[in-house]
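One structure below.
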Amino acid sequence: MPYKKINPEAMILRDHLAYDRTQLAIERTLLAYIRTAIGLLAAGATLIAVFPENNLIQIAGIIILLTGFVVIAIGFYRFFAVRKHLQSVYEPNNQNTESQNPSTLE
């Protein structure tokens, strides 16, 4: 990674603000995933509730519901993966992660 040489103690104000902006951005992205998942879950539940006699629409509603659950799972996975990566790059007590994880060395 190009960030493996960052020393958190040597960061200036601009770097700390960039780190804060990045953390806020990943939180906004998680909220967008949650918002999308809620919309899919609501649409799927509505199709199932409004059209109980039509099997094709029931199947479509179930597929949309499952898609909503997949979207929220992907959102949380990405949030925690990016947050863990940011912490490994910027947090001073995680400086030894490079020697523990050889796949990040280039």
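Residue count for region 31-74, restricted to those that are free of Cβ contacts under 8 Å to residues at least 12 places away in the same chain and touching a Leu at 6+ places or on another chain (Cβ under 8 Å): 2. Among the residues of region 41-61 satisfying the criterion of being of a type outside the set (G, A, S) and surrounded by 14 or more Cβ atoms within 10 Å (Cβ to Cβ), which is nearest to the chain's Cα centre (by Cα)? If we take residues in region 41-61 being of a type outside the set (G, A, S) and surrounded by 14 or more Cβ atoms within 10 Å (Cβ to Cβ), then L41 is nearest to the chain's Cα centre (by Cα). Considering region 1-59, the residues that are closer than 14 Å to Y90 by Cβ and β-branched (V, I, T) include one that is modelled with the highest pLDDT, namely I26.
The values are calculated or read from the model by the stated rules, or taken from the named source; none is laboratory data. Quick caveat: nothing in here was measured; it's all calculated off a predicted structure. FYI the Cβ positions are ideal-geometry reconstructions off the backbone, even for glycines, and counts take in every protein chain you see.
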